[in-house]
Structure formats: C-alpha cells, structure tokens
Amino acid sequence: MQPDIDFKRVRYAFIEKSSERNLEIFNIETIKVLDTVLHLYPEYESLTGLSSSRTQALLDRTRQLSLLVTTPFNLFSPVFNDIKSWEALVSNWPSDSVIAVKDKAPRHVGTAQSYQIRHANQLYLHLIREFAANYALAHVIFGMSRDVMTFLGNLSASNEIDLLSNIGPVPLFKWRMNAPRFWFDHSTEALTTAEIAYFIMQSSPPENKISNLSRKADWDAYSFKKAVVEDYMDALLAYGFRAATVSTIMRRTSTEVRNRFKNINGRSSTCGSKPQMLPWITAAAPNRLRATFFTYLYRNANTEGSRAYLPFLATLNLFTKMFGELEESLPTPKRFSADRAYNMLKMMASDSSMTVGACKRCGTEYLLSNSADKIELADNFSCSFCTQRRARRTKLPSASH
C-alpha cells in the first residue's frame with residue numbers, strides 16, 4: 001500500500017502525482033527553452049548558470065536527464081533568495097540586486113524568445129504557488145528559503161502580473177547544481193541519486209542548512225483529536241514503522257496498532273531490538289549520506305511549535321520518492337528504515353552523541369559521531385564525494401607520460 005495514495009488525509013505531507021508530473025514537465029521544458037535562448041543570446045549564461053553547450057549536453061544524455069527530472073526537486077533555484085529583492089521587483093523599486101540582474105541580460109531580445117522566457121517565468125510562479133499551498137517541504141524542493149517561498153506562494157494575480165512585467169525577458173531562476181563536480185560526473189554519465197541529494201544539500205541557501213535549523217522532535221500526541229491520531233498512525237504504519245513504537249508514542253494499545261499494521265501491510269510488524277543509529281551511520285558512506293539527507297529534509301519541514309508527525313511524514317514521502325521504498329530489498333541491519341530514522345531524530349533532539357559538521361573540502365554539512373565510542377571532528381572530515389574525486393585525480397597519469 002502506497003502511503004501517498006492511501007493517506008492523503010494528512011495534509012501537506014504527500015506530493016500529489018499531478019504535482020510531480022508538473023514539476024517534471026517544467027524541468028524538461030525549461031531546459032529546452034534555455035537551450036534555444038542561449039544559442040541566440042549567450043549573454044544569458046551569467047544569469048542562468050548554463051551555456052548552450054551545457055543545455056545541449058543535458059538534453060543529449062537522456063539517461064542522466066531522466067534521472068534528474070524524475071527526482072522530486074526543481075532543477076532551478078530562484079534568481080533572488082531574499083524577500084527585499086522580490087518586493088522591489090513587484091513594486092518596481094530601484095534595487096541594487098534587481099538592477100544588477102537586469103544589467104546582465106541582453107539589451108534587445110527577439111519577440112519569440114521574450115515570450116518563451118515570460119511563459120517559463122509564469123509557469124515557475126504557478127508551480128511555486130501550487131507547491132507552497134500543499135506541501136510542507138515546498139521551499140526545499142525549489143531551493144529557496146521558507147520566507148521567499150511564502151512570499152512568492154502568496155502573490156496576488158495583480159502582483160504576479162507586475163512582477164512579470166518588471167523583470168522583462170530575464171529568467172526568474174538559475175541552474176541549481178552548478179558545481180564543477182556536477183558537470184564532470186554528468187559528462188561521464190556517473191551521476192547517481194545519492195549524488196543528486198548531495199548537490200541539493202550543497203546548493204541550499206544558508207537558511208536551509210542543517211546547522212541553522214532546530215533539532216527538536218516533539219512526538220506528543222495527547223492533544224490530537226482521535227481522527228487525526230488515526231490518520232497519522234495509519235500513515236506511519238504504511239511506511240513500515242514498527243507497531244510497538246507507534247503504540248508507545250501515540251498511546252494506543254499494542255493489539256490495536258499491530259492489527260492496523262497487518263491490515264495495511266499484509267504482514268506482521270517487526271519485533272525485537274531497535275535498530276542502532278550511530279554505528280550504522282559511520283559504517284559506510286551511503287549510510288551517512290542517507291541519514292544526513294533525511295535530517296536535512298526533516299529539519300526543514302519542522303516549523304516552530306509543530307509536532308514531529310507532519311514533518312516526519314513529509315520527509316518520509318520525499319525521501320522514498322528519491323531513494324525508493326526505504327530500501328526494502330536490503331537486509332534489516334543495512335536498511336534505512338522509518339524506525340532507524342525515528343531513533344536518529346529522537347537521539348539528536350535529546351543528546352549530543354551526534355553532531356553536524358561541514359566537509360573541509362566542499363563545505364557540505366553531514367552528520368558526525370560525537371559519542372564516547374567514536375568522535376569525528378569536522379576539521380578532519382572529508383565527505384565521500386570529495387574523497388572519491390581526489391582519488392580519481394591521484395590516479396590520472398601525469399602529462400610527462
């Protein structure tokens with residue numbers, strides 16, 4: 001049973017299939033539009049982070065393009081990530097940031113290309129509004145701060161018209177994953193889902209970085225109405241969250257929860273010892289990446305004063321769309337399960353045995369062990385992607401050979 005199909009009663013947690021499709025179409029069509037525009041007006045390269053050769057490479061490598069556009073993220077981030085610039089754009093105030101962007105655009109753009117850019121800008125704003133109204137992680141999907149997402153998502157029709165008119169033939173977005181490493185791996189068709197997750201975290205605005213967000217996880221369900229409790233409970237169980245834990249945190253009888261689990265999943269709930277978190281994270285680079293990405297999503301979904309249920313479900317939904325159904329094919333000790341995620345968030349909220357540190361090479365934040373058994377220092381930490389890249393460079397033959 002798919003949670004995002006059967007448990008839409010939990011608002012803001014699950015992405016609609018139609019919204020996913022709209023996002024995929026926008027990503028593909030925008031690359032095509034920019035490919036046309038950049039061929040005629042190379043000046044747009046400094047605005048979009050793309051060149052005609054790069055848009056052509058994106059379109060030519062169909063397997064890599066499919067991998068990119070089917071991830072549930074917008075491949076473009078906003079041209080501005082501060083409220084003041086957007087307010088200035090709507091009101092047509094003189095703003096240094098807006099003027100600087102406009103100055104980079106070509107002075108004269110053909111009617112057809114101007115229309116294409118305006119239409120892409122309009123679709124971009126409509127897509128933002130669609131996600132902002134329906135999903136707790138909309139700002140992460142679009143690579144913008146929560147404040148900017150709220151502002152753009154609440155634009156009136158007249159404000160939208162003013163914004164589109166004032167920006168003219170200038171894209172409201174730019175390529176999101178513009179690190180040299182991305183283009184190198186794309187050119188060799190070596191991109192993976194894990195690496196895309198890495199680039200999404202790396203390109204986040206400061207407001208969305210893990211270390212700048214609250215680590216709290218309030219699982220109290222005492223004040224919820226019965227119908228809300230049951231909606232949350234069914235959705236959690238659909239993701240394989242063990243019945244014993246759900247029974248404890250939601251204060252329901254073990255028999256009731258186990259019966260619900262079996263009805264939803266067609267099997268009995270897992271029993272036995274709870275999966276450990278710290279040894280699992282540090283055992284392998286893929287484990288650390290997945291645990292870090294889950295934490296990144298959860299903390300971004302978690303707002304001040306909210307309970308953990310909605311952020312947790314929204315994170316499970318987006319995480320499984322990215323990596324698959326919680327890796328059900330893997331043996332339990334290796335799997336990143338809902339139980340393991342819950343134990344991780346609970347641990348991070350209550351003690352300091354796990355901390356956050358940035359890779360000393362690329363600056364991307366990761367989860368690090370800070371326990372009595374193992375202490376990892378950020379000053380000495382290099383992420384697996386930087387380590388692999390350095391190893392490849394070391395293996396390259398010298399010019400004298």
Cα extents of region 12-205 along the principal axes, largest first, in whole Å, come to 45, 41, 26
Within a 10 angstrom radius of the beta carbon, how do 367, 191 rank from fewest other beta carbons to most?
191, 367
How would 186, 119 line up from fewest to most surrounding beta-carbon atoms within 10 angstrom?
119, 186
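Too long at a 29 Å Cα-Cα cut-off: which of 226/346; 104/360; 209/374; 174/216; 17/104; 17/174? Before the final figure, lay out the partial values.
Numbers: 226/346 24 Å; 104/360 33 Å; 209/374 24 Å; 174/216 33 Å; 17/104 37 Å; 17/174 25 Å.
From the list (226/346; 104/360; 209/374; 174/216; 17/104; 17/174), the Cα-Cα distance tops 29 Å for 104/360; 174/216; 17/104.
Could you list 18, 77, 371 so that the one with the fewest beta carbons within 10 Å of its beta carbon is first and the one with the most is last?
On the way: 18 9, 77 22, 371 16.
Listed from fewest to most nearby Cβ atoms, that is 18, 371, 77.
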Where in region 252-299 are there trypsin sites (Lys or Arg not before Pro) that are in a DSSP coil and have at most 16 other Cβ atoms within 10 angstrom of their Cβ?
267
Which of these values of semi-axes √(5λ) of the Cα gyration tensor in Å was calculated from the structure shown: [x] 45, 28, 19; [y] 38, 27, 19; [z] 38, 30, 21?
[y]
How far, in degrees from 0 to 90, does helix 309-323 lean away from the longest principal axis of the Cα atoms of the chain, to the nearest 10?
70
For the chain, what is the calculated [θ] at 222 nm in deg cm²/dmol (nearest 500), taking -39500 (n - 2.57) for each run of four or more DSSP H residues and dividing by its residue count?
-17000 deg cm²/dmol
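Compare the peptides 195-205, 347-357 by average per-residue count of other Cβ atoms within 10 angstrom and give them in order, highest first.
Details: 195-205: 20.9, 347-357: 16.4.
Per-residue Cβ counts within 10 Å, averaged per peptide and sorted highest first, yield 195-205, 347-357.
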For region 253-281 and region 148-191, compute the distance between their C-alpha centroids and round to whole Å.
41
Could you state the angle between the C-alpha long axis of helix 254-265 and the longest principal axis of the C-alpha atoms of the chain, as a value from 0 to 90 degrees rounded to the nearest 10?
50
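GluC sites (Glu not before Pro) within region 10-109: which are DSSP loop residues with at most 16 other Cβ atoms inside 10 Å?
Working: sites: 16, 20, 24, 29, 43, 45, 87; in loops: 16.
Here the GluC sites (Glu not before Pro) that fit, given the DSSP loop and packing criteria, are 16.
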Would you kindly compute the Cα radius of gyration of region 211-392 and its largest Cα-Cα separation (Dmax), both in Å?
17.1, 56
So for the chain, averaging the separation of alpha carbon pairs under 8 Å that are six or more residues apart and normalising by length, what relative contact order in percent results?
18
Just for the Cα atoms in region 119-186, what are the lengths along the principal axes, largest first, rounded to whole Å?
43, 31, 17
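Every number in this text was worked out from the coordinates using simple rules, so none of it is lab data. In this text, all values refer to a predicted model and were calculated from it rather than measured experimentally. As a convention, Cβ positions derive from the backbone with ideal geometry for all residues, glycine included, and neighbour counts pool all protein chains shown.
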